[in-house]
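Report on the following structure.
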Amino acid sequence: MTAPIPPAGPAAGAALPRALPPGGTIALVAPAGSVPVDDQGRLHPKLAAGLERLQAAGYRTVFGRHVFARHGYLAGDDSGRLADLRWALTDPGIDAVICVRGGYGSPRLLEQADFAPLARDFARRPRPLVGFSDLTALLAALTAATGIPTFHGPTLGSLDEPANLEALLRLIGRDARFPQQVVPMAAPGAPRPRTLRSGRAEGRLVGGNLSLLCALVGTPYEPDPRGAVLLLEDVGEPPYRLDRMLTHLRLAGWLRQVAGIIVGELVDCDPPAGRPSFTAAEVLEERLGDLGVPCLVDVPCGHGRWQLTLPLGARVALDAGAGTVTVLEPVTA
């Protein structure tokens, strides 16, 4: 294996992804963890419900060849997962790409010799790539290499909630209009964001899953935090680990360079009963509250029921006092 080729950085005037047309074809790929199926090969009910919702909306769905492969905890070996990603990101018959699930495995694809050529090929005819959690590594690397927005949004299992599909189509569908306010989420019952520190900021949106972002720091694929609006979310991390990761970003200089911070849901991140601990909310106050930048928390994106779509690499406006995030520019063509 040859050494990975560092990303070239965002290209001026980079092409935008094509908007998803009505009745378009959506590729479903699994670049990370293995896909849960039962003994009869049937999809997990949440995945099946998401698939049915896409098809009921009129879209054609096509699974990658290796989606149901298994290699330990991965959805097949690295070469198979990368081959599916190449097909999904470059085949002229594919209009958008939605990842089936997260888990773990995306960072392994970045060291493959074929990743840099894939990024260049993707840039010639881009289409929306949607995912979150472990997929943060792919989204960040492709956007850093090409300047093309990628979409922190629902995986297949998150599309069992109709509001999540509606929020996705508002950004990547043919009828998308900009500027577009995407936070708060226009869905009954969705969490209402909370102001940690008031103020306004504009910048490119970077980030995603906190654990994956920390794993990218010091690699050729870490996003550029300078003047950016930083998005963070995570799942299953107790408060001391959230503290450790946020402290890592502080020590790396990241959090002193961003213009504003958006924190999505921190799911199952509160401490076990009976142990002395901060809460997750208290960790955010201690580690983010003194930075002097606007900060909005409890935004409905990440591992909860509600899953907004947010365009990484695009310019956004954060008004933490008003509890709003607005996408300022078109993210599809």
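The values are calculated or read from the model by the stated rules, or taken from the named source; none is laboratory data. This structure is a prediction, so every number in the text was calculated from the model and none was measured. All Cβ positions, glycine included, derive from the backbone under ideal geometry; neighbour counts span all protein chains shown. Heads up: the accessible areas ignore ligands, DNA and RNA and are worked out on the full protein's heavy atoms, side chains in. Shrake-Rupley method; radii C 1.70, N 1.55, O 1.52, S 1.80 Å.
Please calculate how many Å² of accessible area region 151-244 carries per residue, with a 1.4 Å probe and no DNA, RNA or ligand atoms counted. Working shown, then result.
On the way: 3850 Å² over 94 residues.
So region 151-244 comes to 41 Å² accessible per residue, rounded to a whole number.
Taken over the C-alpha atoms, region 140-199 has Rg and Dmax values of 13.9, 38 angstrom. Compute the separation of the alpha-carbon centres of region 215-268 and region 272-304 and state it in Å as a whole number. Each part's Cα centre sits 12 Å from the other's.
Which shape class, rounded, prolate or oblate, goes with region 47-118 when its Cα gyration tensor gives a ≥ b ≥ c as root eigenvalues, a/c under 1.5 marks rounded, and past that a/b bigger than b/c marks prolate? Because a/c hits 1.5 or more and a/b fails to exceed b/c, region 47-118 counts as oblate.
Here the chain has 51 percent of its accessible surface on carbon and sulfur atoms, given a 1.4 Å probe and all protein chains in place.
Computed on region 241-309, with alpha-carbon pairs under 8 angstrom and 6+ residues apart, the relative contact order is 41 percent. Relative contact order of the chain: 21 percent, from C-alpha pairs under 8 Å at least 6 residues apart in sequence.
Share of Cα-Cα pairs in the chain beyond 36 Å, in percent?
Values: 7143 of 55278 pairs.
So the portion of pairs separated by more than 36 Å is 13 percent.
Rolling a 1.4 Å probe across the protein heavy atoms gives region 48-148 an accessible surface of 37 Å² per residue. Need one number: the % of Cα-Cα pairs in region 201-322 sitting beyond the 26 Å mark. I get 14 percent for the Cα pairs in region 201-322 exceeding 26 Å.
Our estimate of slack between Phe68 and Arg250, defined as 0.36 nm per intervening residue step minus the Cα-Cα distance, is 61.6 nm. Peptide packing for 154-162, 56-64, 222-230 was compared via the average number of neighbouring C-beta atoms within 10 Å per residue; ordered from the highest value, the list is 154-162, 222-230, 56-64. Proximity of backbone amide H atoms, modeled 1.01 Å from N, is registered between Leu231 and Val206, Gly207, Gly208, Ile262 at under 5 Å, excluding neighbours fewer than 5 places apart on the same chain.
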